[in-house]
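The values are calculated or read from the model by the stated rules, or taken from the named source; none is laboratory data. Bear in mind the structure is a predicted one, so any value in this text is a computation, not a measurement. Note: ideal-geometry Cβ built from the backbone for every residue, glycine included; neighbour counts use all protein chains shown. With ligands, DNA and RNA removed, areas are computed over all heavy atoms of the protein, side chains included. Shrake-Rupley method; radii C 1.70, N 1.55, O 1.52, S 1.80 Å.
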Amino acid sequence: MPRVAHSAYQLTFWAKMLGPSSATPEVTFMDVDENYDWVGGAPVALSGEWQHIAMQPVSTFPKHKNHEIGIAFLVGSVQAEYHFDDIQLMELDVPSPPPPAPPPPPNVLLWCDGEGGPNPKHGPWGSWPWAVVSEGKTGAMSWDLSSAAAAHDGTYGYELRVAQTFDKDWYAMLTLPPFLVTDHQRVYSLTFWAKASANPKPRPHIAFQDEDNDYAYIDGAYLQLSAIWHKYTVQLVVPRALRGHNVITNLLLGSYTGTYYFDEFKVSNAEHVQPPPLPPSPPPSPPPNVLLRFDAEAYEIGAVNSQAWAEGKMHVVPQSQLARHAGEYGLLIEVERPFEVDWHAQVSFRPFSPPDVHHGFVLSFWARASTEGGAAGGAPKLVFHDADDSYVTLKKAVVPLTEDWSMFQVDLALPPHRAGHRVVVAFWVGEARGTYCVDDVEVTMTLPFEPPPPSPPGSRRPPSPAPSPAPGVLQLLLFEAGDEDVSSETLAPNGTWAVSIPDARAAHEGAKGLYVEVTRPWGVAQLAQLLLPRYVPHADRETLLHIAFYAKVEKLRATDPDPSVTVAFVDLHQNDALIAIEEVPLTFDWQLHYVVIDLKREHVGHSIRPYLYLGRHAGIYAFDEIEYKEIPIEDGMEWIQSAPERIQAHRMASFELSFLDRDGWPIDYGAASVRLVRHDFPFGVSLQTRREAGLSSRDHQWLLRAAAAHFWTGTLQTQLQWSHYEPAPGQVQDARAATEELLRWAAENRWLPLSASLFDGGHSDAGHWSNNVACKELTAHLHERVLRDLRSFGGAFGRYEVWKDSLRWRDWVERCGESLMHSAYSWAAQAAPQAELCTSESGILSSLTLTPAEAYHNSLWDLRARGVPVQAIGVQAHFDGEVDASTVKHRLDVLRELRMPVYITELTISGLDPAQQAYELEKFLRIAFSHEAVAGITLGQLWDDPRTTAAGANGPGLYTAGKQPKPGAERVDSLWRGEWHTEVTHEMTSRGREAGLLPLEAFYGTYAYELRHGEQLCAGEVELRREATVQPTRWQPHPPRATLVTVQCDWKGHWRYPIWATPALIASASVGCLFACYRKRAELTAKTPARARPGLGGRKSETRRQHQPLRTVEPVDEVSI
């Protein structure tokens, strides 16, 4: 009974005939349901000997579908005795719909290329694709199934336009003709060409459904389409129960708006699910020793390939006499213009095929280089790539080339999952301008790499004792001598992995580590578990359990998803209750990761088990140096009460001001005073231009005056954001003029340099034109924008928040890759080398137990490891309610480990009445100013703007909507103008250690000084800052020794004698000096006209110009006469 429109059947049997010498009976196929109509058949010639008969296939047509077909042997024409045996009927694979002309290759079950169009005359219903829209559903889709615009290679294709999305993706779809499942042991591959014009890029759902089982769902996949043609493949493996069923393919398009283009659909089943066993092979012969050899004398086209990006310039000469080593020619690589990164200029050789993964491989070559960068520039990278896995990097090695010929060797070992893959060798030379010569390149196979043999007996040194853990570290798992009580278990049989503890392949700094190879993932993380040693908290207080570990991972295939490890904590005393769980993404390189759990008092005495879940993704995982650290959570108020001691240690220092007269002698008379004018610690507020704020000139001037009354710097949080600054390509005049007006005000109030935020990854304004261009165009525009705007402002900005909230807002990163963000930092460093480049993240100081602080730490660690010029850390501090002091301190401690300055930005405290807000604001300021890692604080809002603050709501500003100061404004001034302020008055003396000195314990900053004596005045400003020796580590306490700062005054000098002078010596020197002065005065009076005596009042502008640089000198005992 045929179950499809087109089938083919072949009859085979054994037969012989006894009687006449020969006979030709006819074998016929008949349609039983249509009066035994003839379907097909043929006469068969029989003889007296057994013979095997294989008849030509008989085809059925749509009219025979589901009809009973009978087979008859017509033997009545000749009198004879017939014998038949082993009769078999086989159903053959037949394409559906009928194959085009010329017929498709074998194993093709379906072919639709749009060339026949949708007209039914090309075949019966169901032999061409058709569009389906569910009736009565909200949404809109139109189509043209013979569209010239949708043709990939021929004349027509399939074009569908979704103008309005549907509630379900299957409410609008493109349906392909069914194909027959003839063999469940084969893989059915659907391939087609497609592209889409939409934003965001659509991800249609490809669904396979069983036509013979009420269109039951079989399997499917989501595909990401782009704006250019790509070939896509979706594979289907069916169970045995679906053999003989028709499968319908639906492309579900209802969830994304846009225009879709499809062409050249094909379904084939050429591959087997499990290939049949190969016949036994002969004994293997020894593999050849040399796998790759580049000989420039016998160069063949394609043996060397080069690739270069557009920003640089590289020339490659495969046969150059200038690059020869021993023969006649060599490989010459000349980098005329350097590239942004080294891998933008590559020279690779033809792939070689390792015969197995058990041997080692050694690449040897001769090379030399002449570069502008000296030794650093002449150190290109040698990289091994997997040519059969998207050219994933297998190994990198830096080759220190010199101007002399040298031979280099680099070894390579392949993991088992790389068996049968080809390997490409490439040189990355884009880092510096220069010339590279390479010759005699050869890859040879060596004996398997094995660890060195053990030392002979008696020669082994006793093992060194394990290093004692650092303070606070409870346990350190190094895996050098054993498994460290780490065990593994699986909870389901649908995956496979191998765990090796200890293993040299997973060593970070020591000799061994924890190695895991997940070859077939479970799909669920917790189904494959590593059980770490238990931890029992004993301290009778709330503590933080800090788990730190080094980890890396290698994908088995480049197309695999990015692997991660899930860290979970379970309370064994509470029936394995889950306390906390966090997923940690891993990278190809070693990286330090942190996971923190807050253990309450009820967990004291319980056994807490940390787990590593690895069942979700395939990959090769390596872990090492797992550290348990217990961090007691200090009482917040106790830590705040000790803030004055920390502030004195980190924000203040001892200084001695020495005032010098015009002859360079100390002035040890008069009264001196100094007063702090501006802290070195930046305390600022978010600023807005009048254009951005939308305020009247009067209101905007009031806002600026209020800011100047409390702060001395500011940040432009939104004005320089790309969507605000350049609303259309090239339209920056208005924003630049408004920014320059604000910068003039800042210069007049001595607020420069300011800080500004540049990008947020395209998140805040989805309709901005930068979100509607391709990645290549976005990169070019972003490059142009950074160089243009940062150079135009010069040194007006001292800090840039280059990329805001990169952990949360990843619109551009997911579309164009991490390199776009990395390039933004590099371009900013190029355009504004004087500025500090800063990140900026929100939610870091949250009071939740597991916060993004560790993820932020890891992200910054990765950026620095990749060479991204990040110089500071930005933390947005938004609090809706009270400030948890212990939580804030712990998060800042985590970031302090990166040894970069931390800037608190956008500080807001809302949801509290004004008095409580003032209390919490003072609490946070004391926490941040006393923490050694914090380098600056910026408030996010000065005024509760009535346009954005609901009536009666408690906003975060220091001023109410009616422009009245809140208690928080007074509290801020009491700190910065009172408690954290330095003002000293001192009578100068000529006696003792303080002769001619003004000693003071002062905050770092700018000070106004005055020295008065009678009518004489010496006034100006002086900078009291950290010494240059402690500047790189900003959080070191100030040195106990006082720093001497000299101030030059335009005062006439006095007579001075050292204390060891005798009266006779003083008298003799005085008479001699008076006589010499008299003669000198007579000479000057005869040569020059009389000159007015300088005024008694000091000139402030001249005094500033004569300031001496910061220096420290030894005091000298003097006496003034």
Fill in the blank from the handout: With all protein chains present and a 1.4 Å probe, the order of 789, 562 from largest accessible area down is 562, 789
Handout entry: 775, 437, reordered so the largest accessible area comes first (probe 1.4 Å)
Key = 775, 437
Exercise for the section: Compute the relative contact order of region 7-93 as a whole-number percentage, counting only Cα pairs closer than 8 Å that sit 6 or more residues apart in sequence. Expected result: 49
Problem - GluC sites (Glu not before Pro) within region 887-924, DSSP loop, no more than 15 other Cβ atoms inside 10 Å - result: 897
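Please identify the GluC sites (Glu not before Pro) of region 2-71 that satisfy two criteria: DSSP loop assignment and at most 14 other Cβ atoms within 10 Å. Which are they?
49, 68
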Practice task
Work out the charge dipole of region 712-833 with +1 on the Cβ of Lys and Arg and -1 on the Cβ of Asp and Glu about the Cα centre, then indicate which of 727, 783, 809 is farthest towards its positive end.
Solution key: 783
Practice task
Just order 640-651, 243-254 by mean Cβ neighbour count inside 10 Å, highest at the front, would you?
Solution key: 243-254, 640-651
Exercise for the section: Evaluate the distance, in nm, between pseudo-label points positioned 7 Å from the Cα of residue 22 and of residue 148 along their respective Cα→Cβ axes. Expected result: 6.1
Completion exercise
A correct Karplus calculation of ³J(HN,Hα) over region 230-239, with 6.51 cos²θ - 1.76 cosθ + 1.60, θ = phi - 60°, whole Hz and x for Gly and Pro, returns 9, 9, 10, 9, 10, 9, 10, 10, 10, x
Handout entry: Label point at residue 572 placed 7 Å out along Cα→Cβ; residues across region 472-487 whose backbone nitrogen lies under 16 Å
Key = 475, 484-487
Exercise for the section: May I ask you to derive the relative contact order of region 673-744, considering only C-alpha pairs under 8 Å and at least 6 residues apart, and to give it as an integer percent? Expected result: 37
Fill in the blank from the handout: So the angle from the long Cα axis of helix 775-793 to the longest Cα principal axis of the chain, reported in degrees to the nearest 10, equals 10
Practice task
Please give the helix 818-831 orientation as an angle from the longest Cα principal axis of the chain, in degrees from 0 to 90, rounded to the nearest 10.
Solution key: 30
Handout entry: Theoretical FRET efficiency, 1/(1+(r/R0)^6), r = Cβ-Cβ of residue 411 and residue 504, R0 22 Å, to 0.05
Key = 0.90
Practice task
When a/c is below 1.5 the answer is rounded, else prolate if a/b is larger than b/c, else oblate, so apply that to region 626-710 with a ≥ b ≥ c taken from the square roots of the Cα gyration tensor eigenvalues.
Solution key: oblate
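Accessible area of region 473-633 with a 1.4 Å probe: how many percent of it is carbon plus sulfur?
46
For region 146-285, which whole-number percentage of the solvent-accessible area (1.4 Å probe, protein heavy atoms only) is attributable to carbon and sulfur atoms?
So the carbon and sulfur contribution to the accessible surface is 50 percent.
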Handout entry: Accessible solvent surface per residue of region 835-972, calculated while the other protein chains remain in place, 1.4 angstrom probe, Å²
Key = 33
Practice task
Can you tell me the relative contact order of the chain? Whole percent, Cα pairs under 8 Å, sequence separation 6 or more.
Solution key: 7
Handout entry: Of all accessible heavy-atom area on region 7-93, the percent that carbon and sulfur account for (1.4 Å)
Key = 50
Exercise for the section: Could you tally the net charge around residue 770, taking each other residue with its Cβ under 12 Å from the Cβ of residue 770, Lys/Arg +1 and Asp/Glu -1? Expected result: -4
Exercise for the section: Rounded to the nearest 10 degrees, what's the angle between the helix 914-930 long axis and the longest principal axis of the chain, both from Cα atoms, 0 to 90? Expected result: 90
Exercise for the section: Specify which labelled value, from (i) -0.20, -0.32; (ii) -0.36, -0.54; (iii) -0.63, -0.77, agrees with log10 I(q)/I(0) by the Debye sum over Cα atoms at q = 0.04, 0.05 Å⁻¹ derived from the coordinates of the model shown. Expected result: (ii)
Completion exercise
Residues other than residue 953 with Cβ under 12 Å of its Cβ, Lys/Arg counted +1 and Asp/Glu -1, net out at -4
Exercise for the section: List, in order, the whole-Hz ³J(HN,Hα) value for each residue of region 262-270 obtained from phi through the Karplus relation with A = 6.51, B = -1.76, C = 1.60 and θ = phi - 60°; use x for Gly and Pro. Expected result: 10, 6, 6, 6, 8, 10, 9, 9, 6
Practice task
Quick one: net charge around residue 324, please, counting Lys, Arg +1 and Asp, Glu -1 for every other residue with C-beta under 12 Å from its C-beta.
Solution key: -4
Practice task
Return the loop-located trypsin sites (Lys or Arg not before Pro) in region 872-944 (DSSP other than H, G, I, E, B) with at most 13 other Cβ atoms within 10 Å of their own Cβ; answer none if there are none.
Solution key: 899
